[in-house]
Amino acid sequence: MTDYSKADEINLIKAIHAGEESALKSIYSNYYQKLCIYILNFTTDRNLVEDVVQDTFLKLWNNREILRSNGSLNAYLYKITYNNFIDNYRKTKRLDQELDNIRLASLAELLDEDHEEVFSQRLQKVKEAIAQLPARCKEIFLMNKEKGMRYQQIADELDISVKTVENQIGKALQAIRAHVYLIVLIILTLLSIKV
């Protein structure tokens, strides 16, 4: 796993452009592990890492005709890999959000006027869970959920990274879910008894 010289990169790009699979194999063997280590900086999910990196080489091959022979192969591969990871992250986040919306919609349908007291109890549990969050975590969570501020706005206002905002909101949601889980079970039990 040595770094290619600029001349090597140009030759490999030309070979890839010409459809030479041996060039792809050479690039794959030289960069696969490096790109995996790079993506491990963003996630610990080994399966996701491997999928993202495999997709990088697939895109390299499928888009070989538009490669610029004077471009940086190294920069190109890292950029594709990063973009693949971000695309995957967004799709997963969007899917999680859609599943949460479906769950909430289903629960809302179950919670009609007859179950107002149970719903109030659940809301109280959520408020209790938020009150028990560590101060900074609660502040960030409320800035996002109550004030409707975006992650970047929160990061800018508190002079912290967007990643820290994401982590704190994730911790808050996890704590709230754990706290509220019991009351949701109670709601579902009460609903099933009444039906």
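The values are calculated or read from the model by the stated rules, or taken from the named source; none is laboratory data. Because the structure is a prediction, the values reported are computed rather than measured. Every residue, glycine as well, gets a Cβ built from its backbone with ideal geometry; the counts of neighbours run over all protein chains shown.
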Here's a check for you: in the range 153-163, which residue that is out of contact with any Ser or Thr (no Cβ under 8 Å at 6 or more places or on another chain) and without any contact (Cβ under 8 Å) to a residue 12 or more places away in the chain is farthest from ARG90 (Cα to Cα)?
ASP159
Counting only helices (runs of 4 or more DSSP H) wholly inside the range 3-93, the ones holding at least 1 residues that are touching a Cys at 6+ places or on another chain (Cβ under 9 Å) and not small (Gly, Ala, Ser) are 46-62
Taking the condition touching a residue at least 24 places away in the same chain (Cβ under 8 Å), surrounded by 14 or more Cβ atoms within 10 Å (Cβ to Cβ), assigned by TED's automatic domain parsing to the domain that holds ILE16 and closer than 16 Å to ILE16 by Cα, does PHE42 pass?
no
Provide a single number: the residues in the range 45-74 that are surrounded by 12 or more Cβ atoms within 10 Å (Cβ to Cβ) and in contact (Cβ under 8 Å) with a residue 24 or more places away in the chain.
17
Within the bounds of the range 71-79, is there any residue that is outside the structural domain of ASN167 (by TED's automatic domain parsing), closer than 20 Å to LYS163 by Cα and out of contact with any Leu (no Cβ under 8 Å at 6 or more places or on another chain)?
yes
I want to confirm something. Restricting to the range 75-97 and keeping residues that are surrounded by 15 or more Cβ atoms within 10 Å (Cβ to Cβ) and of a type in the set (S, T, N, Q), which single residue is nearest to LEU173 (Cα to Cα)?
ASN88
